[in-house]
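Below is one structure, written out as structure tokens; comments come after it.
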2 protein chains.
Amino acid sequence: MPKPSPAPVLIVGSMALDDLELPCGNFKDVVGGSAVFSAMATSLFAPAQMVGVVGRDFPTKVLDGLRARGVDTEGVEVVEGRTFKWAGRYASNLGSRETLDTQLNVFADFAPKIPETFRQSRFVLLGNIHPALQLEVLSQMQAPAFVAADTMNFWIDGERSALLRVLERIECLIINDEELRQLAEEHNIRRAAAKVLSMGPKRLVVKRGEYGALLFDQGCLCFVPAYPLETELDPTGAGDSFAGALLGYVARAGQTDTTTLRRALVHATTVASFCVEGVGTARLAEVHGDMLGARLSELRALATFEG
Amino acid sequence: MPKPSPAPVLIVGSMALDDLELPCGNFKDVVGGSAVFSAMATSLFAPAQMVGVVGRDFPTKVLDGLRARGVDTEGVEVVEGRTFKWAGRYASNLGSRETLDTQLNVFADFAPKIPETFRQSRFVLLGNIHPALQLEVLSQMQAPAFVAADTMNFWIDGERSALLRVLERIECLIINDEELRQLAEEHNIRRAAAKVLSMGPKRLVVKRGEYGALLFDQGCLCFVPAYPLETELDPTGAGDSFAGALLGYVARAGQTDTTTLRRALVHATTVASFCVEGVGTARLAEVHGDMLGARLSELRALATFEG
């Protein structure tokens, strides 16, 4: 009997044409946005269903390329106007970045409409958008089994009550160290994690950039390293790639136990490491199974616990 | 045949009575200094031989306590005057610290004199002191087999040429991320490590605080996680404890291959985690084999690679 094809992952998030000032150069209209990075990463493991909005300036060949990777773009609205743009400048060591400009454009009126064919999906990734929109997505889903959400400091500060409602309805929150500390109002990572888990999510994934990630899962704490890169060009989208790969792996496995999640995290840090090696989605687009496998072997060799 | 007793580790460094402003309170005349933390950590694995200087104000019972742990204090000079004091204030999240005052006192004229009985030691830890003094120590040793050295931004900036001479003569450099980047004048960790390894040391250990440590060892890169603490009181001495435990483990093993070093790093991050749980050396003084074993098991459970 052939292996059943993996369940799809519904992904909602931003789609963007970013202007990036990077140590390696300045780039205009770089295809990006959380939904794009996540869907590309998911599609390495499972079909992705994408929900977002772009303007007429968004290259149709990018959507064609996503479809060729197994991304269903039925949920992508193409509307009059310009695509969302984030313009940012990274520090010379890539360790920090500043926003130079944010043009919401067609994203300003984004109200996610989940196509009928997407509403039964069991795996859902709520990218970093307004928590009220994340709730709107959930209200359109029939019986999601594993909902993961990302968020950011902006919503933690400004939309806390909506965010808390999201937290009550998701299985897994995916945020970085600083966001965790901010959300929990507690510096210590373990205590902060316990506090956030008491707000609703059953599992918490803490992204720690080049250091890896932590999984807090019902009393279990797991540590997953990141692959140390020799070439770092652009961290944009690394977190979104991480989340997309995590959901894709889980969907492919069809299981959500701790061991599966732990493996999913290893794959997620590895996919994210590729993302950083190129500008925008350039490197992510090149990744295939053999490359991923080779890097996973390297990561295993360097991170196998000896004690 | 009984197991041979481990070879001793010679440790040279500062001995101090620090004034600490910590989130958990202010503390005066806290026993510290790199040699003290390192010797206490080493003594969990192997005998330590300590070389340093204190004033008459240094509590004799502290030296008694060190001797009771298997630390040979023959190399500790007690001279007229006051002991070295560092006064510092930690940020409320312990993530940064500022120096309020540095009183070199008797440490100003420190010229390490290695007792005859210490000169044959094969394992040597050069704590964070002036690189010219580190060289003086090496000139007094007969045939050291494994010399590890720590340093800091102050010497990297101000005493680069002396430090480069040290690097040519040691087996293992133990520094943190930022010091590595500063020494190599390169932000990327892997490229920075390659550059520093070309300066002389055969192995490089990069401390990454709460994230763990990296070992670069002749083409091999290993990643070692740190135990995530629920109680963090005082990071002072964590790096020195790490280095002391690393050398102690290596001396006990009597081997310096990559696998041994990797295990040594796991023990080192674990001993350092205890250090942070108490003010000064308070918690480190309580650690015994069973506590260490239990925490190592926990660390193994959370860090075992699944991929």
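Quick look at the numbers
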quantity: Number of positions in segment B:288-307 that are closer than 16 Å to B:GLY212 by Cα and among the charged types (D, E, K, R); calculated: 3
quantity: Criterion violated by B:SER198 - all others in (1) of a type in the set (Ser, Thr, Tyr); (2) out of contact with any Gly (no Cβ under 8 Å at 6 or more places or on another chain); (3) within 14 Å of another protein chain (Cβ to nearest Cβ) satisfied; calculated: (3)
quantity: Failed condition for B:ARG82, given (1) touching an Asp or Glu at 6+ places or on another chain (Cβ under 9 Å); (2) within 24 Å of B:ALA238 (Cβ to Cβ); (3) basic (Lys, Arg); calculated: (2)
quantity: Segment B:181-195, subset under 16 Å from A:GLU210 (Cβ atoms) and free of Cβ contacts under 8 Å to residues at least 12 places away in the same chain, residue farthest from the other protein chains (Cβ to nearest Cβ); calculated: B:GLU186
quantity: Residue list for segment B:286-296, filter: part of a helix (DSSP H, G or I) and either modelled with pLDDT under 95 or among the hydrophobic types (A, V, I, L, M, F, W, C) (or both); calculated: B:GLY289, B:MET291, B:LEU292, B:ALA294, B:LEU296
quantity: Filtered residues of segment A:256-285 (kept if part of a helix (DSSP H, G or I) and either among the basic types (Lys, Arg) or surrounded by fewer than 18 Cβ atoms within 10 Å (Cβ to Cβ) (or both)); calculated: A:THR258, A:THR259, A:THR260, A:ARG262, A:ARG263, A:ALA285
quantity: Candidates A:VAL224, A:VAL166, filtered to the one that is at pLDDT below 95, crowded, with 21+ Cβ neighbours inside 10 Å and farther than 23 Å from B:ASN93 by Cβ; calculated: A:VAL224
quantity: Where A:PHE45 falls short, out of the listed (1) over 15 Å from the mean Cα position of the chain (by Cα); (2) at pLDDT 95 or above; (3) farther than 29 Å from A:SER96 by Cα; (4) of a type outside the set (D, E, K, R); calculated: (1)
quantity: Residues of segment A:58-90 satisfying the condition of being more than 19 Å from A:VAL137 (Cα to Cα) and in contact with a Leu (Cβ under 7 Å, 6 or more places away or on another chain); calculated: A:PHE58, A:THR83, A:PHE84, A:LYS85, A:ALA87, A:GLY88, A:ARG89, A:TYR90
quantity: Segment A:80-101: number of residues that are closer than 17 Å to A:PHE154 by Cβ and not hydrophobic (A, V, I, L, M, F, W, C); calculated: 7
quantity: Hits in segment A:257-283 - residues which are hydroxyl-bearing (Ser, Thr, Tyr) and modelled with pLDDT of 95 or more; calculated: A:THR260, A:THR269, A:THR270, A:SER273, A:THR281
quantity: Tally, over segment B:160-206, of residues that are of a type in the set (D, E, K, R) and under 19 Å from B:LEU125 (Cβ atoms); calculated: 7
quantity: Residues of segment A:186-213 classified as at negative phi and in contact with a helix residue (DSSP H, G or I) (Cβ under 8 Å, 6 or more places away or on another chain), total; calculated: 19
quantity: Cβ pairs under 7 Å, 6+ apart, first in segment B:40-68 and basic (Lys, Arg), second not in a loop (DSSP other than H, G, I, E, B); calculated: B:ARG56/B:VAL78; B:ARG67/B:THR73
quantity: Selection within segment B:218-244 - under 25 Å from B:MET199 (Cβ atoms) and either within 9 Å of another protein chain (Cβ to nearest Cβ) or of a type outside the set (Asp, Glu) (or both); calculated: B:GLN218, B:GLY219, B:CYS220, B:LEU221, B:CYS222, B:PHE223, B:VAL224, B:GLY239, B:PHE242, B:ALA243, B:GLY244
quantity: Residue check, B:GLY248 more than 24 Å from B:SER121 (Cα to Cα), touching a residue at least 24 places away in the same chain (Cβ under 8 Å) and touching a Leu at 6+ places or on another chain (Cβ under 9 Å); calculated: no
quantity: Tally, over segment A:297-307, of residues that are under 10 Å from B:GLY307 (Cβ atoms) and crowded, with 18+ Cβ neighbours inside 10 Å; calculated: 2
quantity: Spans of strands (runs of 3 or more DSSP E) in segment B:1-98 with at least 1 residues surrounded by fewer than 17 Cβ atoms within 10 Å (Cβ to Cβ); calculated: B:16-22, B:25-32, B:71-79, B:85-90
quantity: Condition broken by A:GLU230, with the remaining ones in (1) over 23 Å from A:VAL36 (Cβ atoms); (2) in contact with a helix residue (DSSP H, G or I) (Cβ under 6 Å, 6 or more places away or on another chain); (3) without any contact (Cβ under 8 Å) to a residue 60 or more places away in the chain; (4) buried (at least 16 other Cβ atoms within 10 Å of the Cβ) satisfied; calculated: (4)
quantity: In segment A:298-307, residue nearest to the other protein chains (Cβ to nearest Cβ) [restricted to those that are assigned to a helix (DSSP H, G or I) and of a type in the set (D, E, K, R)]; calculated: A:ARG300
quantity: Leading residue by the ranking (farthest from B:THR99 (Cα to Cα)) among those in segment B:257-273 that are touching a helix residue (DSSP H, G or I) at 6+ places or on another chain (Cβ under 6 Å) and either aromatic (Phe, Trp, Tyr) or touching a residue at least 24 places away in the same chain (Cβ under 8 Å) (or both); calculated: B:HIS267
quantity: Output for segment A:250-297, where each listed residue is facing chain B (nearest Cβ under 9 Å) and among the charged types (D, E, K, R); calculated: A:ARG262, A:ARG263
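The values are calculated or read from the model by the stated rules, or taken from the named source; none is laboratory data. In this text, all values refer to a predicted model and were calculated from it rather than measured experimentally. Heads up, the Cβs are rebuilt from the backbone with ideal geometry, glycines too, and the neighbour counts pull from every protein chain shown.
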